[in-house]
1. Which residue out of Ala95, Ala38 is under 17 Å from Ile117 (Cα atoms) and part of a strand (DSSP E or B)?
2. With the requirement that a residue be over 30 Å from Gly134 (Cα atoms), open to solvent by less than 70 Å² (accessible area, probe 1.4 Å) and not aliphatic (A, V, I, L, M), what does segment 66-81 give you?
3. Assess whether Ile33 counts as being within 14 Å of Glu121 (Cβ to Cβ), open to solvent by less than 20 Å² (accessible area, probe 1.4 Å) and of a type in the set (A, V, I, L, M, F, W, C).
4. Can you name the residue in segment 330-339 that is touching a residue at least 12 places away in the same chain (Cβ under 8 Å) and open to solvent by 40 Å² or more (accessible area, probe 1.4 Å) and, of all such residues, is nearest to Glu210 (Cα to Cα)?
5. Every residue in segment 123-141 that is under 16 Å from the mean Cα position of the chain (by Cα) and at pLDDT below 80, please.
6. For Ser55, indicate whether it is of a type in the set (S, T, N, Q), without any contact (Cβ under 8 Å) to a residue 40 or more places away in the chain and open to solvent by 20 Å² or more (accessible area, probe 1.4 Å).
7. Open to solvent by 50 Å² or more (accessible area, probe 1.4 Å), touching a Gly at 6+ places or on another chain (Cβ under 7 Å) and charged (D, E, K, R): does that describe Asp20?
8. Residues to consider are Leu144, Leu211, Leu198; find the one that is among the aliphatic types (A, V, I, L, M), open to solvent by 50 Å² or more (accessible area, probe 1.4 Å) and either part of a helix (DSSP H, G or I) or at pLDDT 80 or above (or both).
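The values are calculated or read from the model by the stated rules, or taken from the named source; none is laboratory data. Computed from a predicted model, the values in this text were never measured in an experiment. Please note: Cβ atoms are built from the backbone with ideal geometry, for glycine as well, and neighbour counts cover all protein chains shown. To get the accessible areas, we keep the full protein, side chains included, count just its heavy atoms, and leave off ligands, DNA and RNA. Shrake-Rupley method; radii C 1.70, N 1.55, O 1.52, S 1.80 Å.
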Amino acid sequence: MAIELSVNHPEDWMQRSNPDEVNLCHFDNTDKILKCPAYLGRGYIQQIWMRDGLSMSIIDCEFRDDFVRKFPSFTFPLELEFEFILKGPHAGQSAFKFFSGRKILNPDSRYPGNQQIFKVELHLQLPILRVFLGGLLEQLPAKLRQSTSNYFEKIYALQIPQTNPFEEKASSLTNWETITPQMKCVLHQILNCPYQGLYRGVYLEAKALELMTLRSQQIVEQILIFENQSTGPEALHLDEIRRTYQAKEILLRNLQHPPSTADLAQQVNLNRRKLNEHFQQVFHMAPFEYLQDHRLQQARSMLSYPEIKVEDVIKAVGYKSRSGFAVAFRKKFGLNPKIYQQQYLSVLFEKV
């Protein structure tokens, strides 16, 4: 039988704590630590504040029984939330949630018993919310930019209280996507931050922005799918766009041993010519050009972690030789991999 708690605020069921009482990945005196009450289970929420409007939560909990947290009603702030679930229900998935600033009637959160829930959340409020959405606009085709910009302006306007019950219940939206290998690398860096004080804050903020950038790419892809947009002479059918994205996901899951173009086309029920044409229309490059670009982007992300070896990066992203990887990396980013790794921290912290 599930344990039900009715609270007035999302944090009311937790207890204020200190780092000695829970097993944290890392800690700073500016962090806020909330501990799960012993009668419910074990675990914590660690809240980390960065620049104005940007914060991060690391959540690690396990409940003794199924747990339901209920509110009579709650007015969430105007906020975008990125949720990256590493363990528990929806493990390996990322949720993009939008809260419009309206009151929501009878919201609740449900958690399973005897199952670890481990996730990282990013919270964006004004003013950084406008900055992020502006960057999102820049990634869209020109013909979509204006209509999406108008939509964002409507989002800001939703801060005005509404009384329509239907609108109140529909005022939060959620979109789920797979956590990519590149995102996993950044999450690993966040959870294993090797710095303290000002350096820690700068490092975590940089990684949060990198994670948001990666997730925004998925959001743009979803916008293109649902708008059924194409840069080719003929618009692709929605099913063709979805098959193209399915092929992309197959490539990204098999960086070390990618299928041939013919095998990839067969897996998504397209012929080879159609697959190449669709990739050009949707991603502006052929399938293995896309794979090459993704490998290099992931390699750059991995090299920003100071203790990782170049040889391990080469193996992880699927290159066969160090020389081939170095040539491709230098052509893409203008530096040899090792030099990039050495310069990264000094560039990152130069303003501290």
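1. Details: Ala38 fails: part of a strand (DSSP E or B).
After ruling out the rest, the residue left standing is Ala95.
2. Answer for segment 66-81, where residues must be over 30 Å from Gly134 (Cα atoms), open to solvent by less than 70 Å² (accessible area, probe 1.4 Å) and not aliphatic (A, V, I, L, M): Phe67, Arg69, Lys70, Phe71, Ser73.
3. It is false that Ile33 is within 14 Å of Glu121 (Cβ to Cβ), open to solvent by less than 20 Å² (accessible area, probe 1.4 Å) and of a type in the set (A, V, I, L, M, F, W, C).
4. Looking at residues that are touching a residue at least 12 places away in the same chain (Cβ under 8 Å) and open to solvent by 40 Å² or more (accessible area, probe 1.4 Å), I get Phe333.
5. Hits for segment 123-141 are Leu133, Gly135, Leu136.
6. The answer is no for Ser55.
7. Criteria not met by Asp20.
8. Leu198
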